[in-house]
Amino acid sequence: MTHSDILIIGGGIAGMSAAYFLTKTGKSVTVLEREDQPGYHSTGRSAALYSETYGPKIIRKMSTASRDFFLNPPAGFTENPILTPRGIIMYAGPGEEAELDALISEGRANGANFTELTPDALKEIVPILNTDLIAKGAHEPDAMDIDVHALHWGFIRQFKAVGGNLVIKADVSAIAKAGDNWQITLANGDVHSGAILVNAAGAWADDIATKAGVKPLGIVPKRRTAVMVDAPDGMDIHGLPMVAALDESLYFKEDAGRLLVSPADKTPTEPHDVQPEELDIAIAIDRLMTATSVVVRRPGESWAGLRSFFADGDPVSSFDPQDDSFYWLAGQGGYGIQTAPAMGEYAASLICGNGIPAHMEKLGVSEDALSASRPTLASGK
């Protein structure tokens with residue numbers, strides 16, 4: 001049997017960021033990852049963008065709280081910058097202007113650099129846009145692409161460098177309490193014990209809770225699809241910002257000279273090795289051809305990943321209301337990459353009994369917003 005102060009189930013970005021910050025406090029930590037490579041189902045399939053104005057309110061606050069880490073990572077964390085310039089344009093259709101204005105106001109209050117754009121100004125930046133369907137837009141030039149691999153493996157390397165234990169192919173078969181410790185038995189017979197169990201299992205978080213005898217919180221895995229298409233003939237799209245509909249029905253961005261397109265689908269599914277559906281690919285292409293002048297003759301490669309949600313769309317990072325040795329870290333809903341530094345630091349601080357980090361408190365982050373017992377968790381907002 002291997003004993004650690006803290007056991008974490010799930011080696012994706014949520015689990016590894018928390019593990020990194022926990023080891024910095026001197027805790028011994030073991031991360032159990034079922035697959036043969038960490039981040040296989042969600043982290044490794046993310047087209048991640050760092051924007052302080054993208055996502056639900058608590059996500060935007062945690063994204064702002066992650067800014068300093070992204071711009072100034074610890075020495076030796078990664079060889080290349082985690083963030084590279086991209087920019088994002090969000091556009092609103094008729095009737096959505098007030099919602100976009102509110103987003104701009106909040107972003108500016110948090111220090112984001114926003115420029116409001118008329119349809120004509122949008123067209124100058126993104127010539128392929130069909131501005132007949134657009135009321136107004138906003139440009140956040142400081143939004144950045146995130147090197148997901150560099151971020152994830154930076155956490156992994158630093159975690160292991162200070163003695164953290166990452167176990168791959170760790171398929172959990174049983175979880176039980178033995179006195180004050182959790183005991184996790186793997187399919188191969190190995191047993192790991194620890195005083196605190198962190199559930200960072202993503203789409204499988206409720207399954208892990210059930211095995212541990214903890215009441216599930218109602219997490220719902222949802223499929224997100226992406227497809228590559230060719231750029232219009234003769235058009236150089238290098239440097240094109242990411243473009244997203246305010247209602248999250250479509251986004252696209254340049255990727256190696258082609259367009260990465262997603263219908264931003266959120267199709268409920270069972271947790272599994274998800275694959276793209278032809279219908280979702282067709283919807284993505286139809287929405288792209290409606291929103292732009294791009295004509296897609298033949299779609300390129302496509303893929304899908306899992307985004308996991310609670311009913312109100314916000315993540316959970318808190319001890320279970322019935323068991324203060326079981327910590328939930330789940331439901332990031334596809335925003336786990338852009339919030340990883342702050343979410344990992346927050347979880348580590350609460351697990352160690354130190355409360356909310358001061359720089360997050362200043363942003364208005366509260367324990368209630370991330371609580372496993374908040375009223376909206378199961379019912380929605």
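Return yes when Y335 is hydroxyl-bearing (S, T, Y) and over 27 Å from A92 (Cβ atoms) and no when it is not. Criteria not met by Y335.
Only one of A231, A244 is touching a residue at least 12 places away in the same chain (Cβ under 8 Å), within 17 Å of the chain's Cα centre (by Cα) and not assigned by TED's automatic domain parsing to the domain that holds F326. Can you tell me which?
Only one candidate passes the filter, namely A244.
Residue by residue through the range 367-378, note down the ones that are at pLDDT 95 or above and exposed (fewer than 13 other Cβ atoms within 10 Å of the Cβ). Answer for the range 367-378, where residues must be at pLDDT 95 or above and exposed (fewer than 13 other Cβ atoms within 10 Å of the Cβ): just D368. A residue that is at negative phi, of a type in the set (G, A, S) and surrounded by 14 or more Cβ atoms within 10 Å (Cβ to Cβ) cannot be found anywhere in the range 94-106.
Please go through the range 235-259 and give me each residue that is closer than 18 Å to R298 by Cβ and buried (at least 21 other Cβ atoms within 10 Å of the Cβ), ordered by number.
Listed by number, the residues that qualify are F252, L259.
The number of residues in the range 65-94 that are in contact with a helix residue (DSSP H, G or I) (Cβ under 9 Å, 6 or more places away or on another chain), within 18 Å of A340 (Cα to Cα) and hydroxyl-bearing (S, T, Y) comes to 2.
The values are calculated or read from the model by the stated rules, or taken from the named source; none is laboratory data. Only a predicted model underlies this, so the values are computations on that prediction, with no experimental measurement involved. As a convention, Cβ positions derive from the backbone with ideal geometry for all residues, glycine included, and neighbour counts pool all protein chains shown.
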